[in-house]
């Protein structure tokens, strides 16, 4: 059997607060193959972003790694020293963030920020690195890169800044790109372009993607497999098409049904949207058993007492629900 | 035919930007010649990306920004110019629901105060009546009357938006401007708020202007749709016409940009827009959309397209409006 590029096994992330420690993420496991695009979907607070930070080795207090293993290419990195992680980050795993304005250094021209990657990770001199930076800007289709290279982030539009972020992230040809809501701050037509660009460049370089988003549609379009998180746990993972065609967890089903589908009104007239009742629980008050149970239409006593085990689904999918099947 | 509740005629809102020292004064045409009607009981969807002028348009309708040119008629009365009605009267006719329920509620006021103050200001002095109307409105938006003495921070995002809706409706307005009312909410909460808005519209006979960049939501709630690009309306018509037979390339690009998992390749990649929105300070000549348009020809650079009829009640501002299909 081939070794997956990234294997996250039984990840637990601890959150220290008010004299108590909470598990912000627990029992999270997934694998990403070489060159594969994998999506992690969930609402704010579900733990998807901190899972990404854990993979990057960027958890900071009050968050810390509570347990589990993270292996890159078969090599465990969860206990790697800060210096080792610095060598990995940017070189083998890279990340792009939601808001490029806050992720870029406002005091440094964008060309220099890209060139820094070549200097740090490939030992290049600055002159050569600046040439490579210009080439990298051209690859992410920034117009007139020879001039843009001297621009500061505030001189660029949101879409251009995100292109710069992608150029930095992909500069050293990493094996894995972690993209945390990379287009949420952008307009829809710009979002479409950025997603296409990311997918195209990663496919060309054989880079795998861990895509984090609250937008099921976006992730399903881009990724081969999708995992859905709720309140710190993965509740379901399936092939992207299957997650819409046959959502197996009541939460996923609720999400899919609650989206107004384009074209649906023409076909069937305006139907009342299916609601998911209640609200997302706060981390200090996660319910016992299945964490979705207070909002679930098919809840029974067992859901309130027992944490559901994973039930396998076709094509390496899984669902955590007592009432599946 | 019913008298329109809102009628905009050639409305323009321009801003002077800059100063005499730094490169001179420029004019930003945030809204530039918008003609639009909203009939009683109708929901008009207003679509466009950031910077297209949709929020400026909303503020002008609220009477919060003076028009540079053109007129705004609300309920048969002109609200700009010399004989404009006072703000108190306006407030009883037009109200607004804001995007961010965290920022738009006074954190130091209880729900009761937030809802009762407008009533008192508008001459409802009888304590029992104020109480009754506050309780009634809370029940209508799905809050329990005993929650009236709580502060905004004690509520979830969805509940706060319910408070925002209650505040908008407490004076029994005829027209409600909803500015991205669900985009700040968790995905699993959005359906609740959309359903609530539609129920209230039917119960109370309200008219809405639904400002949103989410085309799924717009299609679901709107009777008619207007699409804005850089200060101008580029297409307007019945919801079905707009979504099934869009005639402006920008409308088509917006629809093509939706990551829609249900019919992935419904509209071809050819419809996608290139590049980014130009600055409203310096819009491209002729058709503002031409630098991004797949149908661009010489005439698009030299001549402004007029918003002309393509079918009954359906108008598009494109030189090739009859060719786009």
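Numbers at a glance
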item	result
Residue B:16-residue B:102 FRET efficiency (beta carbon distance; Förster radius 25 Å; 0.05 resolution)	0.20
Shielding of B:184-197 by partner chains, average beta-carbon count, 10 Å	6
DSSP-defined beta bridges in segment A:140-259 - what % are antiparallel, rounded to 5	55
Likely footprinting exposure, A:108, B:222, A:144, fewest C-beta neighbours within 10 Å first	A:144, A:108, B:222
Over segment A:80-183: Kirkwood hydrodynamic radius from C-alpha pairwise inverse distances, Å	13.6
Cα shape, segment A:1-57, gyration tensor, a/c 1.5 rule	prolate
Overall Cα dimensions of segment B:172-297 - principal axes, largest extent first, Å	49, 34, 27
Surface/4 estimate of mean projected area, convex hull on alpha-carbon atoms of chain B, nm²	19.1
Chain B: angle of helix B:187-204 to the longest principal axis, Cα-based, in degrees nearest 10	80
Helix-only [θ]222 nm of chain B, DSSP H runs n ≥ 4, -39500 (n - 2.57) each, per residue, nearest 500	-8500 deg cm²/dmol
Estimated inter-spin distance, residue B:279 and residue B:136, nm [label 7 Å along Cα→Cβ]	5.3
Computed [θ] at 222 nm, deg cm²/dmol, chain A (DSSP H ≥ 4; -39,500 (n - 2.57); rounded to nearest 500)	-10000 deg cm²/dmol
Kirkwood-based shape ratio for segment A:251-325, expressed as Rg/Rh from alpha carbons	1.06
Neighbour-count ranking [beta-carbon atoms within 10 angstrom, fewest first] of B:167, A:272, A:12, A:87	A:272, A:87, A:12, B:167
The protein assembly as shown - share of DSSP beta bridges that are antiparallel (%, nearest 5)	60
Degrees, to the nearest 10: A:110-122 long Cα axis against longest axis of chain A	90
20 Å reach of a label modelled at residue B:26, 7 Å along Cα-to-Cβ, counting backbone N of segment B:284-313	B:284-292
Hydrodynamic radius by Kirkwood, which averages 1/r over all alpha carbon pairs of segment A:60-115, in angstrom	13.9
Per-pair calculated FRET efficiency, R0 = 22 Å: residue B:35 and residue B:297 via Cβ, rounded to 0.05	0.25
Chain A: relative contact order as a whole-number percent, Cα under 8 Å and 6+ apart	20
Residue A:305-residue A:85 pseudo-label distance in nm [points 7 Å out on the Cα-to-Cβ vector]	4.1
Label-point separation in nm, residue A:324 to residue B:122, each point 7 Å along Cα→Cβ	5.1
Inter-chain Cβ neighbour average for residues A:265-276, partner chain, 10 Å	4
Choice from B:78, B:219, B:312 showing the highest fluctuation, given a GNM over chain B with Cα pairs closer than 10 Å	B:312
Fraction of antiparallel bridges per DSSP, chain B only, in percent to nearest 5	60
Amide N proximity, segment B:176-199 versus residue A:282 label position 7 Å along Cα-to-Cβ, cut-off under 17 Å	B:186
Crossing angle, helix A:126-139 versus chain A [Cα axis fit, 0-90 degrees, rounded to tens]	50
Cβ-based exposure ranking for A:318, A:6, in which fewest neighbours within 10 Å come first	A:318, A:6
Directionally averaged projected area (convex hull, Cα atoms, the protein assembly as shown), nm²	32.8
Length-normalised contact order for segment A:1-91 - Cα pairs under 8 Å, 6+ apart - percent	37
Highest-fluctuation residue, A:174, A:294, A:62 considered, GNM on chain A with Cα pairs under 10 Å	A:62
Residue of B:149, B:32, B:100 that the Gaussian network model of chain B assigns the largest fluctuation, springs spanning Cα pairs under 10 Å	B:149
Relative contact order, percent, segment B:1-109 [alpha-carbon distance under 8 Å, six or more residues apart]	29
For chain A, Kirkwood radius (reciprocal of mean inverse C-alpha pair distance, Å)	21.0
Whole-angstrom gap from segment A:21-35 to segment B:287-325, using each part's C-alpha centre	50
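Throughout, read-outs are computed from the coordinates displayed, never taken from laboratory work. Quantities reported herein were computed from a predicted structural model and do not represent experimental measurements. Methodologically, a virtual Cβ is constructed for each residue, glycine included, from the backbone with ideal geometry; neighbour enumeration extends over all protein chains shown.
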